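One structure, as structure tokens, below. Some questions next.
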Amino acid sequence: MHLTTAVAGAAAGLAAGPWIRAAVFRLSVPPDAPDRTACPRCGSRLRSAIACRCPSCREHVALRCGVTEIASATVLGSIAYTVGPRPELVAFAWLAVLCVALATIDLIVYRLPESLTLPAYPVVAALLAGSALLSSEPGRFLRAVLAGAALAAGYLLLALIRPSDLGFGDVLLAGPLGMVLGWTGWRPVLLAGMLSFVLCGLAGAVLLALRRARADTPLPLGPFMVYATFVVLLITPGR
Ligand SMILES: [Zn+2]
């Protein structure tokens with residue numbers, strides 16, 4: 001398989017860890033609140049949350065050291081191992097880094113900030129367009145764009161029917177996820193779309209059984225959408 005590419009992917013994931021921690025620190029705030037820029041313990045203004053401890057009081061500023069590095073290195077290493085040195089790996093890896101940040105923020109504050117989901121549309125589209133040019137596969141790019149639009153439209157429909165189950169952040173995240181899934185094929189789009197709801201339902205049932213949640217406890221859907229997408233990309237053959 002693609003061991004060298006996997007090592008390069010894991011190294012890129014490690015390097016992206018501080019960026020993810022900074023995004024999680026800055027954006028793990030309620031929807032209408034301004035981005036966080038000061039240490040939660042001593043209030044000193046942090047120029048950057050890239051360091052994992054506040055330079056004044058040594059408080060962990062977002063997540064414990066190494067958490068984001070290990071998460072993104074694992075995801076990027078696995079994707080690189082499966083996809084190999086193909087042009088679309090750049091699009092997949094870029095979205096994976098963004099998704100580690102988004103899933104973490106959604107777990108902490110139940111939101112998927114538009115400041116992260118909206119830029120994913122032009123960036124993923126441009127990276128996949130470049131991949132289509134390099135590999136002379138314009139049909140795949142067209143399918144990716146259509147799949148992104150279709151998955152976002154499907155989530156929008158569900159959000160309109162059942163607004164208590166998913167929000168506009170989930171709808172916005174569905175577009176770029178649909179694009180990378182659609183690059184691979186239509187079946188992965190369907191599979192990941194269904195798997196995200198199945199996993200979310202299972203997690204809810206487990207939490208209920210363990211009495212860690214009530215029937216009306218909201219669960220963030222974003223982490224399950226992200227997990228389903230990258231699991232499906234990892235198991236999709238014939239790339
Ligand atoms: Zn501090």
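How much length is gained if the chain between Arg41 and Arg162 is pulled fully straight, taking 0.36 nm per residue apart and subtracting their Cα-Cα distance, in nm to one decimal? Could you put the intermediate results ahead of the total?
On the way: separation 121, 0.36 × 121 = 43.56 nm, distance 3.86 nm.
The Arg41-Arg162 span can extend by a further 39.7 nm.
Tell me what the chain gives for mean residue ellipticity at 222 nm when only DSSP H runs of n ≥ 4 count, each as -39,500 (n - 2.57), the sum divided by the residue total, rounded to 500 deg cm²/dmol. Kindly include the intermediate steps, with their values, before the conclusion.
Values: 8 runs with 164 residues, N = 239.
The helix-only estimate for the chain comes to -23500 deg cm²/dmol at 222 nm.
Something else: Would you give the gap between the C-alpha center of the range 166-218 and the C-alpha center of the range 70-104, rounded to a whole Å?
Taking the Cα centre of the range 70-104 as reference, the centre of the range 166-218 is 19 Å away.
Treat the count of other C-beta atoms within 10 Å as a stand-in for reagent exposure and order Val100, Val7 from fewest to most.
On the way: Val100 28, Val7 13.
Listed from fewest to most nearby Cβ atoms, that is Val7, Val100.
Could I have the simple spin-label model distance between Leu210 and Ser135, label points 7 Å from Cα toward Cβ, reported in nm to one decimal?
3.8 nm
For the range 1-85, what's the relative contact order in percent, using C-alpha pairs closer than 8 Å and at least 6 residues apart? Please list the in-between numbers first.
Values: 132 pairs, mean separation 43.1, N = 85.
Once normalised by length, the contact order is 51 percent.
How much length is gained on full extension from Leu118 to Thr74, taking 0.36 nm per residue of separation minus their Cα-Cα distance?
On the way: separation 44, 0.36 × 44 = 15.84 nm, distance 2.50 nm.
Stretched fully, the Leu118-Thr74 segment lengthens by 13.3 nm.
Rounded, prolate or oblate: which one fits the range 146-210, using the alpha carbon gyration tensor with axes a ≥ b ≥ c (rounded when a/c is under 1.5, else prolate when a/b beats b/c, else oblate)?
Values: a/c = 2.82, a/b = 1.50, b/c = 1.88.
Oblate, because a/c is 1.5 or more while a/b does not exceed b/c.
May I ask you to derive the FRET efficiency for Leu142 and Phe197 from their Cβ-Cβ distance with R0 = 25 Å, giving the value to the nearest 0.05? Present the calculation step by step, with values, prior to reporting the outcome.
Values: r = 27 Å, r/R0 = 1.08.
The computed FRET efficiency comes out at 0.40.
Which cysteines does the chain leave without a neighbouring Cys Cβ under 4.7 Å?
Cys99, Cys200
Please list, in order along the range 163-179, the HN-Hα scalar couplings obtained from phi with the Karplus expression 6.51 cos²θ - 1.76 cosθ + 1.60 (θ = phi - 60°), rounded to whole Hz, x for Gly and Pro.
x, 6, 8, 8, x, 5, x, 5, 4, 5, 5, 4, x, x, 5, x, 5
Computed on alpha carbon atoms, what radius of gyration and Dmax characterise the chain, expressed in Å?
Looking at the chain, its Cα Rg and Dmax stand at 18.2, 55 Å.
Residues with amide H under 5 Å of Arg53's amide H, sequence separation 5 or more or different chain, H placed in the peptide plane at 1.01 Å from N; which?
It is Val61, by chain and number.
Each reported figure results from applying straightforward, stated rules to the coordinates on display, with no laboratory input. Quick caveat, the model's predicted, so the values are computed rather than measured. Because the Cβ atoms are built from the backbone with ideal geometry, glycine has one as well, and the counts that use them run over all protein chains shown.
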